[in-house]
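The values are calculated or read from the model by the stated rules, or taken from the named source; none is laboratory data. Keep in mind that what you see is a predicted model, and the values were worked out from it rather than measured. Here Cβ is always computed from backbone atoms with ideal geometry, including for glycine, and neighbour counts include all displayed protein chains. Protein only, heavy atoms only, side chains kept; ligands, DNA and RNA dropped before computing areas. Shrake-Rupley method; radii C 1.70, N 1.55, O 1.52, S 1.80 Å.
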Amino acid sequence: MTFKILRFDAQKDNRPYFQVYRHVPKPHETVLEALKDIRDQQDPSLSFRYSCREAVCGSCGMVINGRICLACRTQVGDLGANEVVIEPLPNLEIQKDLIVDLKPFWDAYRKVEPFLQAPGDVPEKGHVVAEKDMEKVFQYITCILCACCYSACPVATRDGRYVGPAALAKLYRFTLDPRDRRPFSALERVDGPDGVWGCDTVFRCNDICPKDVRPADGIEGLRRKIIAGKTKRLFRRKP
Amino acid sequence: MLRHDLLIVGGGLAGLSAALGADPTLKVGVISKVHPLRSHSVAAQGGINAALANRPDCADDTCEKHAFDTIKGSDYLADQDAAELLCQRAIPTIYELDHWGAPFSRFPDGSIAQRPFGGAGFPRTCYAADRTGHILLHTLYEQAVRRNVTFYDEWLVTDIIVRDRRLVGLVAYDLAGGEIIPLRARAVIFATGGYGRIFFRSTNAYINLGGGIGMAYKAGVPLKDMEFVQFHPTTLFGKNILMTEAARGEGGYLVNAKGRRFMEDYTPKAMELAPRDIVARSIQTEIDKGNGFENEYVHLDLRHLGREKILQRLPGIRDICIHFAGLDPVDRPIPIQPAQHYSMGGIDVDATCASPVEGFFAAGECACVSVHGANRLGGNSLLESIVFGRIAGESASLYLRGGPSEAGGDRETAETARALMARIQSVHEREAGENVFQLLNKLKRVMSDTAGIFRDAATLRRGLEELAVLREAYRRVFIYGPCGRYCQEMVVLVEFEHMMEVAEVILLGALKREETRGSHFRTDFPKRDDASWLKHTIITRSDKGPVVTYRDLQVGRYAPEERKY
Ligand SMILES: Cc1cc2nc3c(=O)[nH]c(=O)nc-3n(C[C@H](O)[C@H](O)[C@H](O)COP(=O)(O)OP(=O)(O)OC[C@H]3O[C@@H](n4cnc5c(N)ncnc54)[C@H](O)[C@@H]3O)c2cc1C
Ligand code: FES
């Protein structure tokens, strides 16, 4: 089989180029395993990120035959093609080969205050949370921050200031959590075109997410909470 | 030169917990070779132990009972005071994690849910479905972001510098910048994780090479009990991805090719929930006896649990089976085999996480306090990483408050950085030589073949000989690509050097320990021998090679007895 891999080294190349390798994958081999074999046996200079090899650490997002996915969870056989084309995630600058600069992604993450805000001291026997309420956040906590959604998002392509689906889904996760007491002003921070109103609702993030987080559900949820919060405030002002 | 009061190496649970435990007025930095959220801790599935006694029918669980289970599970090699400390701290730790946002699964009364785990007398493992490591690592990272901790992401620490038995600094390779950088610190905490990938079959992340342990050893810090390597009984055949113990905790069966629940022949009382060392050996014995499938694996059968329970309690496991093995455990049994899983041994530290080198601390899987002794119980290692990470942060802060003056050492630190650069340069200038990735693959084979589940003197000696051959080959190592940014050849080149030390200490410790205890099973010495071996192996590096000594262990209130399950 042929593997066509995008190569780029900012320290020596003017522009990215494709390099072609031949490699015979083993049965059930994943694209990440194929990349490692190619690196170990043919070209040790090939760079890509990896860690867990089981789709939980979020290191190995890339574009494989035109589709954004995790290399460690994509089986070569399932691609049904004789040629595998591998490129780095779009919407982010290439640092080396398949490694991109995730700074904009992490900056957006930090912007939403991605931590639980529970006031007071640790309750002696822990928080009491209904089983069902806790399970509501489970959809969002499976997010591994792989940046696949950010890369797939047409708004992030257009506008570098847009915080993107993962960060917004993260914020929504906290607003769903009965232990969280962040003030409404924390939501207002994403009440604009860089935040929830930037979303085009084309749901590319939902389609692409390798962990079925459905970030757009979170964006929708935040929009509803923001509108509800503002309406409430409006009524409160009226006598 | 970059200067800190305290540098923490490792962004897994132990490292983050250390950062959160450190005095916030100090200048602290966390260095990690991958973004902290990519650390191996994220992959932990089953849960974290604490005697919360939340299940109504188990209200009389206590931290003493947790400590007893831990000590018995350790085959009595744990330091009993340290194990008690771990279990006492467990309860407030869980409630703090909960307050920080960890979304633990709940019981119907709204309290934190708990499930049974191997070797435990009560269901005391707290969890978030089967993604416990994931939610805990994200929670601690979120708290670190909240407190504005300084991170050096994607920096690989390559050397520590010790002068007069006192730590003075570090050298690191900044992958994104492509540079080698000296850093000064008055104290350092290592939280670099385990060495799983020194073995061919391992549940660990690819990045778990264990370089940190070897680096400490090279700098003169002793290593403790390194011969104790945990093999997990149930890993997905072929890929060795973990199938959490929770799968058995929730009621899964182990079945051989004859269709028999063979654990009946080994531990009729505990059945599938005996401690890991015993279950792993039982599976391997079945396979060796010809009762396995294709002579390679047995089945983990979850089908009788039903679709709903699998979906609710083990969704991650199901996902992995579907995506990595093309089967749904709702309809088909899972092919499993044992694989390396955890490092009980590690950098020799006491219960304050201090090592014999002043200013150098260690916590988490890279360290050995020891709370797990010869065998760790499931759910105790996330706990250890968080509890002792915190203790390390606190002790290092206390040490710094004592105000050790800057020991000097700018010159040594800078020189070490220059020496590394020169060495990389000279390796790079070679025209040809050994490919380091292939050396790594060879090392894994050696360790799996000679220091696996069953060991004896002859194979361990062969392991040491084969390791010596690899050492020779490493002298001819060579770098193909440019040595600039994100040069993963450089990463593995540096780590491999340290890994060879780790491998040697494991093999040597295993060869010298002429008994069977916990995970260390010697076919030529198949009995536990408390009269001669109730002691820790301590291996220190000298100019003439490794020096092996022993330290008596602290037996507390629990006298060693035979382990029956
Ligand atoms: C698949 C799996 C499932 C598990 N499930 C459970 C469970 O259910 N319950 C339980 O209690 N335990 C479980 N464990 C064990 C537990 O996950 C680990 O022991 C624990 O997470 C270790 O944490 P740590 O912080 O010590 O190390 P890690 O999380 O491995 O972190 C190590 C850190 O050190 C950094 N690092 C290493 N070397 C360097 C260097 N040279 N320079 C810079 N940075 C470096 C890495 O980047 C990383 O950030 C499981 C383990 C595995 C393999
Ligand atoms: S390597 Fe961790 S998600 Fe692929």
Every cysteine in chain B with no other Cys Cβ under 4.7 Å from its Cβ, please list them in numeric order.
B:CYS58, B:CYS126, B:CYS321, B:CYS353, B:CYS366, B:CYS368, B:CYS483, B:CYS487
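Taking every pair of Cα atoms in the stretch A:2-100, average 1/r, invert it to obtain the Kirkwood radius, and report Rg/Rh to two decimals. Write out the running numbers ahead of the final one.
Numbers: Rg = 12.6 Å, Rh = 13.5 Å.
Radius of gyration over Kirkwood radius for the stretch A:2-100 works out to 0.93.
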Could you derive backbone 3J(HN,Hα) for the stretch B:10-22 from the dihedral phi with the Karplus parameters 6.51, -1.76 and 1.60 (θ = phi - 60°), listing whole Hz in sequence and x where the residue is Gly or Pro?
x, x, x, 4, 5, x, 5, 5, 4, 5, 6, x, 6
Within the stretch A:103-237, how many Lys pairs sit with Cα atoms under 29 Å apart, leaving out pairs fewer than 8 places apart on the same chain?
28
Taking R0 as 41 Å, what's the FRET efficiency between B:GLU412 and A:GLN19 from their Cβ-Cβ distance, rounded to 0.05?
0.45
Across the stretch B:416-565, how many lysine pairs, 8 or more positions apart or on different chains, have C-alpha atoms separated by under 25 Å? Please give the number.
9
Long-range amide H partners of B:GLU179, meaning residues 5 or more apart or on another chain whose placed amide H is closer than 5 Å, are B:ASP174
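At a 1.4 Å probe radius, carbon and sulfur cover how many percent of the accessible area of the stretch B:249-340? Walk me through the numbers before you get to the answer.
Numbers: 1660 of 3770 Å².
The value for the stretch B:249-340 is 44 percent carbon and sulfur by accessible area.
Hey, can you find the accessible area per residue of the stretch B:453-565 for me, probe 1.4 Å, expressed in square angstrom? Please report the intermediate quantities before stating the final value.
Working: 5100 Å² over 113 residues.
Result: 45 Å² of accessible area for each residue.
Calculated FRET efficiency, A:LYS230 and B:LYS289, Cβ-Cβ r, R0 45 Å, to nearest 0.05?
Values: r = 70 Å, r/R0 = 1.56.
Working from the Cβ atoms, E equals 0.05.
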Treating only the Cβ of Lys, Arg, Asp and Glu as charged (+1, +1, -1, -1), what charge dipole size does the protein assembly as shown show about its Cα centre? Round to the nearest 20 debye.
1680 debye
What whole-number value in Å² describes the accessible area per residue of the stretch A:103-237 for a 1.4 Å probe?
46 Å²
Mind jotting down the distance between the C-alpha centroids of the stretch B:276-305 and the stretch A:139-154, whole Å?
37 Å
Among the residues of the stretch B:8-55, which ones have their accessible area go down by 20 Å² or more when all the protein chains sit together, as opposed to their chain alone (1.4 Å probe)?
B:HIS35, B:LEU37, B:ARG38, B:VAL42, B:ALA43
Pop the C-beta distance of A:THR2 and B:ARG332 into the FRET formula with R0 = 22 Å and round what comes out to the nearest 0.05.
0.05
Cα gyration tensor, the stretch B:383-539 - rounded (a/c under 1.5), prolate or oblate
oblate
How many Å² of accessible surface get buried when B and A come together, counting both sides, probe radius 1.4 Å, rounded to the nearest 100?
5600 Å²
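What does the average come to when, for each residue of peptide A:133-145, you count the partner chain Cβ atoms lying within 10 Å of its Cβ?
Details: counts 3, 8, 5, 1, 4, 8, 0, 1, 10, 7, 2, 6, 5.
The mean count of partner-chain Cβ atoms within 10 Å per residue comes to 5.
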Using 0.36 nm per residue of separation minus the Cα-Cα distance, give me the extension gain between B:MET1 and B:ARG462 in nm, one decimal.
161.4 nm
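If we sort A:223-236, B:97-110, B:282-295 on the protection proxy, mean other Cβ atoms within 10 Å, highest first, what's the order? Write out the running numbers ahead of the final one.
On the way: A:223-236: 12.5, B:97-110: 20.3, B:282-295: 16.6.
Top to bottom by mean Cβ count within 10 Å: B:97-110, B:282-295, A:223-236.
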Given 25 °C and 0.890 mPa s, compute D for the protein assembly as shown with the Stokes-Einstein relation, Rh being the Kirkwood radius over Cα pairs; round to the nearest whole µm²/s.
91 µm²/s
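How much of the DSSP beta bridge set in chain B is antiparallel, as a percent to the nearest 5? Write out the running numbers ahead of the final one.
Values: 48 of 74 bridges.
Once the DSSP bridges in chain B are tallied, antiparallel ones form about 65 percent.
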For the stretch A:117-239, what is the relative contact order in percent, using Cα pairs closer than 8 Å and at least 6 residues apart in sequence?
31 percent
With label points set 7 Å from each Cα along the Cα-to-Cβ direction at A:VAL128 and A:THR201, the distance between them in nm comes to 3.9 nm
The distance between the Cα centres of the stretch B:186-222 and the stretch B:495-529, in whole Å, is 17 Å
Test item: A:73-82 mean partner chain Cβ contacts at 10 Å:
1
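Over 20 Å, how big is the tail of the calculated P(r) for the stretch A:125-220, in percent of all Cα pairs? Let's see the in-between values first.
Working: 1701 of 4560 pairs.
So the portion of pairs separated by more than 20 Å is 37 percent.
What average count of beta carbons from other chains do you get within 10 Å of the Cβ of residues in B:131-141?
Working: counts 6, 0, 2, 8, 4, 0, 2, 8, 3, 0, 3.
Going residue by residue through B:131-141 and averaging, the value is 3.
Express the accessible area of the stretch B:101-221 per residue in Å², computed with a 1.4 Å probe while the remaining protein chains stay in the model. Let's see the in-between values first.
Details: 2720 Å² over 121 residues.
Normalised by residue count, the accessible surface of the stretch B:101-221 is 22 Å².
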